Amino acid sequence: AFGIHKIMVIAQDKTSLVLSPPSAETQFEVTELPAPTIIEPNKKIATAKPTPIIKGLTINNTFVRVYIDGVYNGKTKILTHESGTANFSYQPFLNLSQDRHILRLVAEDNLGHKSKLSIAQEFAIEKPMPAPIIYKLKINQTDFFDHPVITGVAKNNALIKIYYDKKLIRQFYVKNHLSGIANFSFQSPF
């Protein structure tokens, strides 16, 4: 809480439970709220979602004002937690462009006391990963069983996940191609 505060310390013997005399009283002043801490989004977590969830931590009994690219976007409700530090999540109400963005936060209490701006966090909204395209499904018929061969194309660096009757049966990375579009082929064991 804001204002001038006094603190002193007393020690207690753990066996006899005898108390020490109090330490000298020390006075300190709290002049501003600490800025919120941003957990997500961040540079390490890629997203294609145009309204990414913003997660972080703030001091108890504050709400958090959200600024994206220097523009006020909205705020959370008053936040509390028994530990003294509350977590929060906030979702922008308008879609963000597929570009780099700067996120800053400010904590504020009911009396209008505000923190400084949080450390700027850069993040990017990326283009969504295009769906792979199956362009051929060939069934090899033998005397005993059929083995479908699935061939298709996907964007470079794609992890292909093959599902058979909605169950994941295999996953593999495509072999990248200079064009940016890789082809893949998979022969099912079923």
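The values are calculated or read from the model by the stated rules, or taken from the named source; none is laboratory data. Just so it is clear, the model here is predicted, and its values are computed rather than measured. Note: ideal-geometry Cβ built from the backbone for every residue, glycine included; neighbour counts use all protein chains shown. Areas reflect the complete protein model, heavy atoms only, side chains present, ligands, DNA and RNA absent. Shrake-Rupley method; radii C 1.70, N 1.55, O 1.52, S 1.80 Å.
Identify the single condition in (1) open to solvent by less than 20 Å² (accessible area, probe 1.4 Å); (2) over 16 Å from PRO34 (Cβ atoms); (3) among the hydrophobic types (A, V, I, L, M, F, W, C); (4) more than 18 Å from the chain's Cα centre (by Cα) that LEU79 does not satisfy, given that it satisfies every other one.
Of (1) open to solvent by less than 20 Å² (accessible area, probe 1.4 Å); (2) over 16 Å from PRO34 (Cβ atoms); (3) among the hydrophobic types (A, V, I, L, M, F, W, C); (4) more than 18 Å from the chain's Cα centre (by Cα), only one is false for LEU79: (2).
Among the listed residues SER118, SER179, which satisfies the condition of being out of contact with any helix residue (DSSP H, G or I) (no Cβ under 6 Å at 6 or more places or on another chain), touching a residue at least 12 places away in the same chain (Cβ under 8 Å) and among the hydroxyl-bearing types (Ser, Thr, Tyr)?
Values: SER179 fails: touching a residue at least 12 places away in the same chain (Cβ under 8 Å).
Testing whether each residue is out of contact with any helix residue (DSSP H, G or I) (no Cβ under 6 Å at 6 or more places or on another chain), touching a residue at least 12 places away in the same chain (Cβ under 8 Å) and among the hydroxyl-bearing types (Ser, Thr, Tyr) leaves just SER118.
Conditions first: (1) more than 18 Å from the chain's Cα centre (by Cα); (2) touching a residue at least 24 places away in the same chain (Cβ under 8 Å). MET8 passes all but one, so which condition is the exception?
Only one criterion is unmet by MET8, namely (2).
Every residue, every condition in (1) open to solvent by 80 Å² or more (accessible area, probe 1.4 Å); (2) touching a residue at least 12 places away in the same chain (Cβ under 8 Å); (3) assigned to a loop (DSSP other than H, G, I, E, B); (4) not β-branched (Val, Ile, Thr), yes or no:
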| residue | (1), (2), (3), (4) |
| --- | --- |
| SER16 | no, no, yes, yes |
| ILE38 | no, yes, no, no |
| LYS44 | yes, no, yes, yes |
| PHE63 | no, yes, no, yes |
| TYR67 | no, yes, no, yes |
| ALA86 | no, yes, no, yes |
| LEU94 | yes, yes, yes, yes |
| VAL106 | no, yes, no, no |
| ASN110 | yes, yes, yes, yes |
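Within region 19-36, track down each residue that is assigned to a loop (DSSP other than H, G, I, E, B) and modelled with pLDDT of 90 or more.
Step one: list which residues in region 19-36 are assigned to a loop (DSSP other than H, G, I, E, B), which gives 20-25, 31-36.
The answer is SER20, PRO21, PRO22, SER23, ALA24, GLU25, PRO34, ALA35, PRO36.
Can you tell me how many residues in region 130-147 are at pLDDT below 85, open to solvent by 100 Å² or more (accessible area, probe 1.4 Å) and either among the hydrophobic types (A, V, I, L, M, F, W, C) or not in a loop (DSSP other than H, G, I, E, B) (or both)? If you could, list the steps in order and put the result at the bottom.
Pass one, region 130-147, residues at pLDDT below 85: 135-147.
Now restrict to residues that are open to solvent by 100 Å² or more (accessible area, probe 1.4 Å): 135-138, 141, 143-145.
Then drop every residue that is not either among the hydrophobic types (A, V, I, L, M, F, W, C) or not in a loop (DSSP other than H, G, I, E, B) (or both), which leaves 135-138, 141, 144-145.
The total comes to 7.
Every residue in region 3-14 that is part of a strand (DSSP E or B) and among the small types (Gly, Ala, Ser), please. Outline the logic, then answer.
First pass over region 3-14, keeping only residues part of a strand (DSSP E or B): 3-7, 12.
Within region 3-14, GLY3 is the sole residue that qualifies.
I need a count of the residues in region 16-43 that are in contact with a Phe, Trp or Tyr (Cβ under 8 Å, 6 or more places away or on another chain) and among the polar types (S, T, N, Q).
Residues flagged as in contact with a Phe, Trp or Tyr (Cβ under 8 Å, 6 or more places away or on another chain) and among the polar types (S, T, N, Q) within region 16-43 amount to 2.
Of the residues ASN73, ASN42, ASN61, which single one is more than 16 Å from the chain's Cα centre (by Cα) and at negative phi?
Details: ASN42 fails: more than 16 Å from the chain's Cα centre (by Cα); ASN61 fails: at negative phi.
Every option except ASN73 fails the conditions.
What about LEU159, is it under 24 Å from THR47 (Cβ atoms) and modelled with pLDDT of 95 or more? Spell out how you get there, then give the answer.
Numbers: under 24 Å from THR47 (Cβ atoms): yes; modelled with pLDDT of 95 or more: no.
Here the answer is no, as LEU159 does not meet what is asked.
Would you point out the residue of region 112-124, among those that are under 7 Å from ALA35 (Cα atoms) and open to solvent by less than 60 Å² (accessible area, probe 1.4 Å), that is nearest to the chain's Cα centre (by Cα)?
In the first step, residues of region 112-124 are kept if they are under 7 Å from ALA35 (Cα atoms); the result is 115-118.
Subset that is open to solvent by less than 60 Å² (accessible area, probe 1.4 Å): 115, 118.
Numbers: SER115: 22, SER118: 16 Å.
Result: SER118.
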